[in-house]
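Working notes, structure below.
A short reminder: the numbers here are calculations on the coordinates, not readings from a lab. Quick caveat, the model's predicted, so the values are computed rather than measured. A quick note on method: Cβ atoms are made from the backbone with ideal geometry, for glycine too, and the neighbour counts reach across all protein chains shown.
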Amino acid sequence: MKHMFKKALAAVAAVACLGSMAACGSSNDASKSDGPKITIGIKFDQPGLGFKKGNTYTGFDVDVAKYVAKKLGYSEDQIVWKEAPSKQRETLIQNGDVDLIFATYTINDKRKEVVDFAGPYFVAGQDLLIRNTDAGTITGPDSLNGKKLCSVTGSTSAQNVKDKFASEVQLMEQTGYAECVTALISGTVDAVTTDDIILAGLAAAKGNGQLKVVGKTFSEEPYGVGLKKGDTELKSKVNAAIKDMIEDGSWQKAIDSNMQGTGYTPDAKLNAKDTLESQLS
Ligand code: GLU
């Protein structure tokens, strides 16, 4: 009888856990630690930015997220990482499935209608990833006539292609950029388009020396920290943490360590300390 009762209690506890990730922890080691949790959305498939391998999460977005979380009072083992694909970011925030998103997430007016952003903590630019063998023919956004492009649903990258090159290119949309790289290597598409920093990370990790970032950007993509609309207190805390990260040198360290070996250097003007800090509000 006593045993049965215990079993029933366990079942109730398990059911209670289903509703809230944050209260119960995820399947990773974070669930073992005590105390409150913060749920953070990142990319799982963008090497150098947000990347999951086993139970390890790496990348520049992950480093910025860890730094900010620490300033908010959360140690690394109090972070629950959740995948935030491009198309799902607004919904994840609106539903309260995540507290913050650090996922190469461009701040723009359309998104600001439904979520708020702290930041920017980085400014990227849209570029093209091609096969080395096409380096002579695809030299920038002006040489895309008749080409097949791949980008990701729900990204500014795909939207920009539709706005600027709809009449001259064919666009294939995937759920993640890694799938686009596979299509590029197999010859299904001629180029992958998204932010230069994402393409650099993918080329280094998956390109096998066969892929090249063209290096002619045609947009500005200021990366923000997505959070619930109206939470001005959280927004200003995150902004203060980003400022600290830039000031104490951790920001530069995170860029250097995560971009090592990719050949990528951020646009110096757009990412100058003063420029970034002056935009934090
Ligand atoms: N920064 C762009 C965006 O937020 C493209 C990268 C991405 O899809 O995460 O849509």
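Some notes on this structure:
- The calculated FRET efficiency for Glu168 paired with Ala205, based on their beta-carbon distance and R0 = 35 Å, is about 0.70.
- Multiplying the residue separation of Lys87 and Asp274 by 0.36 nm and removing their Cα-Cα distance gives an extension gain of 64.2 nm.
- Paramagnetic reach from Asp244 (point 7 Å along Cα→Cβ, amide N under 14 Å) across segment 254-275: none
- Span-like helix criteria (full DSSP H runs; alpha carbon extent of at least 20 Å along the helix axis; mean Kyte-Doolittle hydropathy of at least 0.0) are satisfied in the chain by 2-19.
- Taking all pairs of distinct alpha-carbon atoms in segment 128-221, Kirkwood radius in angstrom: 12.8
- Estimated FRET transfer efficiency (Lys216, Gln94; beta-carbon r; R0 51 Å; 0.05): 0.90
- Given R0 = 25 Å, the distance between the Cβ atoms of Ile185 and Ser257 translates into a calculated FRET efficiency of 0.40.
- Computed extension gain for Asp109 through Thr175, at 0.36 nm per residue and net of the alpha carbon distance, reaches 21.5 nm.
- Modelled spin-label separation between Asp77 and Glu233, with each label point placed 7 Å from Cα along the Cα-to-Cβ direction: 2.8 nm.
- Relative frequency of Cα-Cα separations exceeding 24 Å in the chain, percent: 52
- Ranked list, fewest to most other Cβ atoms within 10 Å of each Cβ, for Phe51, Phe165, Phe122: Phe165, Phe51, Phe122
- Taking a Cβ cut-off of under 15 Å around Leu92, the surrounding Lys, Arg, Asp and Glu residues balance to a net charge of 0, with basic ones at +1 and acidic ones at -1.
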